[in-house]
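What follows draws every value from the coordinates through simple rules; no lab data is involved. Computed from a prediction, not measured in an experiment: that's the story for all the values here. Heads up, the Cβs are rebuilt from the backbone with ideal geometry, glycines too, and the neighbour counts pull from every protein chain shown.
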Amino acid sequence: MVETIGTSTMKWSTALSTRPSLEAAVNEVVETAQARLGAPADVGFIFISATFASEYPRLLPLLRERLTLPALIGCGGGGIIGNPVAAEAGADLPIHEIEDEPALCLCLGHLPGVTVKTFWLDEERLPDLDSPPQDWVDYIGVDPASQPDFVLIADPITSKIKDLLQGFDFAYPTAVKVGGLASGGSGQRSNGLFCDEQYYEEGSVGLALSGPVQIQSVVAQGCRPVGPIFRVVKGQRNVILDIELEEGKGIKRDTPLECLQSLLQELTDDERELAQHSLFVGVAHSAFRMELRQGDFLIRNLVGIDPRVGAVAIGDRVRNGQRIQFHLRDNNTSTADLTTLLKQHRQEHPEQASGALMFSCLGRGEDLYDAPHHDSSLFRQIMGKVPMSGFFCAGEIGPISGATYLHGYTAVFGIITPG
């Protein structure tokens, strides 16, 4: 655990290199990030593209030769986000999203008075979900009384991420948790996690910030609802077998497939074409909210249809009584959703942020928008000149209505401010 003492201003800097040589990239990001910070670094984040996957074990030794950091976490990613080193010193730094090319981003933070705690969590040692909160606190090693916020990065294969998030919410119910699943490899033990001086191939790494600092979150799922809201009458695991729609005083009850077929008939030609590849199921995250609106649903993949019984399968467990609604995703909807959320956040938090972390789905970026740097540029346009780093994830971690979830096709921002 590291605690910094001082009265100077909180500062963040990022440096993104696209050099194809790992040694050259490390030299470039260390030199640039330190120069931009202009103060001792108390914490660091390191994100490295999947094109360097075979060299992941070399990264931390190379970094240690050039930089001493009290606390560091990071991972490999299918795309890397940050302020490029090529920008002139003191210039109005842009934010770039580098996809499917060599990239390395180093973020440094100077955090006066802030306590920083890093950790690696082995999935085999996680407490049982029936365990008391103190078991989770003892395992993670962070006192809830310190009012921490967390950044979590997990291996998508070995981390038991949903159990982990439930445990964190159980032990630290008021803490903000943001992060993502590493996406720097194509198989087990190939994604790469970094924590202080150690390289890991499984589990999860994380960082807790306590003291005069806050992590504020923006979670943009980028979908819009279509059709009515249904209630699950019968479901098994992740399969929805029967749903109902209340209409006036009566109840219309059909299979999910019949309801979907009726819905498709009501869509426009463009919407029907979009539904061929961008149709999702939203699951209401609250059982108590009477009136549901856009943003009140957790967006889940529609993973299969059984025409024999009219059932649909989604990428999450379902419970009888849950409310669902079909959703569509396109670049215009995603842009509008992110714009609305960022403007709302800026209005509610007018103070200038010190830094930001961005965890974006691999399904966003140029594949969605047909243009580079879309989400990060929109963030910068609305939130101002905030140093940013991050990566493209295999799943994004962020809160909705006070609970933390694993998302897909989402952009999660962790906005760091003095607190």
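For Glu258 and Lys234 in one chain, what is 0.36 nm times their gap in residues minus the Cα-Cα distance, to one decimal in nm? Show your work: numbers first, answer last.
Working: separation 24, 0.36 × 24 = 8.64 nm, distance 1.48 nm.
Extra length available between Glu258 and Lys234 comes to 7.2 nm.
Over the chain, what is the relative contact order in percent, taking alpha-carbon pairs closer than 8 angstrom and at least six residues apart?
Relative contact order for the chain comes out at 20 percent.
Please go through region 58-157 and write out the GluC sites (Glu not before Pro) that DSSP classes as loop and that have at most 12 other C-beta atoms within 10 Å.
Details: sites: Glu65, Glu88, Glu97, Glu99, Glu123, Glu124; in loops: Glu88.
Answer by residue number: Glu88.
Can you tell me which of Ser401, Ser17, Ser210 moves the most in a GNM of the chain? Springs connect C-alpha atoms under 10 Å apart.
Ser401
Taking Cα centroids, how far is region 326-401 from region 53-129 in Å?
19
Is it possible to state the helix-based mean residue ellipticity at 222 nm for the chain, with each DSSP H run of 4+ residues giving -39500 (n - 2.57), the sum divided by total residues, to the nearest 500 deg cm²/dmol? What is it? Spell out each step's value before the answer.
Details: 9 runs with 97 residues, N = 419.
Helix contribution divided over all residues of the chain: -7000 deg cm²/dmol.
R0 = 35 Å: FRET efficiency of Thr268 with Glu348, Cβ-based, nearest 0.05?
Numbers: r = 35 Å, r/R0 = 0.99.
It comes to 0.50.
Using label points projected 7 Å from each Cα along Cα→Cβ, tell me how many nm separate Ala35 and Arg64, to one decimal.
Rounded to a tenth, the inter-label distance reads 2.7 nm.
With a 10 Å cut-off between alpha carbons and a GNM built on the chain, which of Val239, Val151, Val178 moves the most?
Val239
Using +1 on the beta carbon of Lys and Arg, -1 on that of Asp and Glu, and nothing else charged, what's the dipole of the chain about the Cα centre, debye to 20?
Details: 33 positive and 53 negative charges, 144 e Å.
For this selection, approximately 700 debye.
Which one, Met10, Pro61, Gln216, projects farthest toward the positive side of the charge dipole computed for the chain from Cβ point charges (K/R +1, D/E -1)?
With unit charges placed on the Cβ atoms, the residue in question is Gln216.
Give the whole-number value, in cubic angstrom per residue, of the convex hull volume spanned by the C-alpha atoms of region 203-283. List each step's numbers first, then the result.
Numbers: hull volume 16.5 nm³, N = 81.
Roughly 204 Å³ of hull volume per residue.
Obtain the nm distance between the two label points defined at Gln276 and Asp100 by a simple spin-label model: each point lies 7 Å from its Cα along the Cα-to-C-beta direction.
Distance between label points: 2.1 nm.
May I ask for the angle, rounded to the nearest 10°, between helix 256-266 and the longest principal axis of the chain, with both axes built from Cα atoms and the value confined to 0 to 90°?
90
Using the count of nearby Cβ atoms within 10 Å as a rough guide to exposure, how do Val142, Val219 rank from fewest to most?
The most exposed by this proxy come first: Val219, Val142.
Pairs of alpha-carbon atoms within less than 8 angstrom and 6+ residues apart define the contacts here; what relative contact order does region 167-236 have, in percent?
Details: 32 pairs, mean separation 12.8, N = 70.
Relative contact order, region 167-236: 18 percent.
Using Cβ contacts closer than 10 Å as the measure, can you line up Thr51, Thr32, Thr404 from fewest to most?
Working: Thr51 17, Thr32 22, Thr404 26.
Lowest to highest Cβ neighbour count: Thr51, Thr32, Thr404.
For the chain, modelled as a Gaussian network with Cα springs under 10 Å, which listed residue fluctuates most, Val226, Val176, Val29?
Most flexible of the set in this elastic network: Val226.
Could you work out the mean projected area of the convex hull around the alpha carbons of the chain, in square nanometres to one decimal?
Convex hull of Cα atoms, orientation-averaged projection: 20.7 nm².
For Ala24 and Asp130, compute 0.36 nm times the residue count separating them, minus their Cα-Cα distance, and round to one decimal in nm.
Numbers: separation 106, 0.36 × 106 = 38.16 nm, distance 4.87 nm.
Residue separation times 0.36 nm, minus the Cα-Cα distance, leaves 33.3 nm.
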